[in-house]
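Each remark here refers to the structure printed beneath this line.
The values are calculated or read from the model by the stated rules, or taken from the named source; none is laboratory data. Computed from a predicted structure; not experimentally measured. Please note: Cβ atoms are built from the backbone with ideal geometry, for glycine as well, and neighbour counts cover all protein chains shown. Just the protein is used for accessible areas: all its heavy atoms, side chains included, with ligands, DNA and RNA removed. Shrake-Rupley method; radii C 1.70, N 1.55, O 1.52, S 1.80 Å.
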Amino acid sequence: MELTSTYNPTLVSFSIFIAVIAAYTALELTERISEKGKIKLSWLIGSSLTMGTGVWAMHFVGMLAYSIGVPINYDLTTVIISWCPAIIASGMVFYYLERGFNNWFELLWAGTLMGSGIGAMHYIGMVAMRVPAVMHYDYSVVALSVVFAVILSSVSLATANFVLKKFKEREEMKIAGSFLMGTAISGMHYIGMAAAHFTSSSLTPTRSSIRIADTGLASTIGTVTIIIIFAALMASMREQKKDLQLMTKKLQNSYGLLETVNQQLEQRVEKRTAQLKLAKEAAEAANRAKEDFLVNISHELRTPLNTINGYTKMLLRAPNLDQSQQLNLQVVKQSGTHLLTLINDILDFSKTQVNKIELTPAPLHLPSFLSEVIGMFEIQAKEKGIVLGYQSDSDLPTGIVADSKRLRQVLLNLLGNAIKFTDIGSVNFKVSKLPNTLVNSHQITMRFEVSDTGVGMSKDALSKIFQPFEQVGDRTSRNKGTGLGLSISSKLVELMGSKICVKSELGKGTTFWFDVTFDLVQLKIDQQKQQLNLSKIVGYQGNHRVLLVVDDRSENRELLRNILTPLGFKIIEATNGNEGLEKAIDGKPDLILTDLMMPHKTGITMVLDLRKIPELKNTPIIANSASSLEIMKKKGLDAGCNVFLPKPIDEDKLLLHLQEYLNLEWIYKENK
């Protein structure tokens, strides 16, 4: 008859506790061995005995927890022999944990050795049992217990290795790792116990076997094991204390040297800091002086240019000009535009040096933009007797989101250079749509390409053309620019997420191109018409609007008056901020256009005061300063201006802003 087996829950819990304590000791002692730098035989033997005893004690207490309803004796010699595999397996654990695992094969091999050792300990211990019954094994469960022993041993070793490498100084991780290892070791034992079955027999235990009460034997084994483990931990702590004392002594010896070196370094740092502070202050002063100079020179140059360009545009619209007069005015316009380009190049170069250029993307009507760009060079190409070609794909989008100012600046530079260095042949501007490799269907990648049959460049020149102040070509061509255009254009295209590419052959011509990805936008019909027909505006629907123009230069006020009065606007003028504030309060204008740099009271101060007046705090204000530096733009917008327009004023942009802020509906010449 098969005997029924039961377990004592208290002893089972006690066995698991011993296994966890043994696992924690293993982690602690392994750390001590690792700190020695090499495996010392005394530490390895002592550590193996300690952990082996703990594992063996867990096993034997677990067996004492096992009951089959008949007396169980133990053969003392066999019990002692079962202790040996536990010690050997523990020695393997310490050896592999100290040296680490280079790959999974080493881990599985160590797990196999450890699992086999623990399995041998278990089944030798089973042989030590002397009972009046016949013991049978379920060999499938035996095989399963060996496999589980290897797997759980590998998991335990991997866990211990991970804890020692990653969380060596964290006590809670050691405890967690110890709990996992102890549970795994206990699991091996109880899986093995499930393989044994007993049937009743009249056999009696042999004389060599002993009988001790389960509780007493378990208490004895557990107590002795815990004492051994505690002694090992104390030895580890004493060794650690010695190491700490030695380290403390070394640190104390080093402290004096470090203190001396630190004092020397502090003196050197203080001296160097003082030098750097003086250098920083000098650099900041130079930078402020440079910015002040750029602000002032920009203002002084742009102010007359504003008048020249403004009146030139007005005269070109006059209906009674003959061809000669128109050509003369075009020359004036081109000269003014060229001078403005030189000023912008110098300012933009200054910004690129301190990374202050930023893109401001906005919806753009692409066809009219490209038409405007190519149209700016038609007369220049005709005067040189060269062909200016333009090709674009038929399926280009109508609306994109781009910084039109910066994109125009790059294209104007490339086209201007191509025409400048081409005396015979042609200049071709091509815009094409590249195959869409993007997942986002709301974007498009386009290539802008400018090619010419001009002088070309050598390989040496190609390597330097994007450097500041570098120019190619003959001396006559070199004198027609600052040498900053390509350097600035390269920086701008980089901000767009691309790069300017170039190929050239000396004496045959050059090709520049770059690819940029844009977001697509659906423009309203009236937006498209506005960009196409702004030059044909002759008035607006509804009541007359009152505009206050504040500028200390009479020529600037007169220019705005001549532009806006024919369109039906009533103009109030003021010469400085004080007068502008008074006339704004008295006249309640619909919109204010103000310069920012004026004597007596600046436009910025005036705007700050206007925004404090309830009746005027929402009045649209357009700043139109001759200083185009970002710092001036930021000051104007921070003060309360709605938008910033640099001088010379772009008439088209001015009319678009007036339409936006005054909600105007334009009257065009074709519909009058």
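Where does each of 115-124, 494-503, 575-584, 265-274 land if you order them by average Cβ count within 10 Å, highest first?
Order by mean packing, descending: 115-124, 575-584, 494-503, 265-274.
With all protein chains present, how much of the accessible area of region 577-626 (probe radius 1.4 Å) comes from carbon and sulfur, to the nearest whole percent? List each step's numbers first, then the result.
Working: 1080 of 2090 Å².
Accessible surface attributable to carbon and sulfur in region 577-626 totals 52 percent.
Please arrange PHE17, PHE429, PHE179 by accessible surface area, largest first, computed with a 1.4 Å probe and ligands excluded.
Correct descending sequence by accessible area is PHE179, PHE17, PHE429.
Considering the Cα trace of region 356-406, what is its radius of gyration and what is Dmax, both in angstroms?
Spelled out, the Cα radius of gyration and Dmax of region 356-406 are 13.9, 40 Å.
Which of the GluC sites (Glu not before Pro) found in region 630-672 are loop residues per DSSP with 15 or fewer other Cβ atoms within 10 Å of their Cβ?
Here the sparse-neighbourhood loop sites are GLU665.
Which links in LYS583/LYS612; LYS313/LYS633; LYS313/LYS647; LYS459/LYS491; LYS612/LYS635 stretch past 19 Å when you go from one Cα to the other?
LYS313/LYS633; LYS459/LYS491
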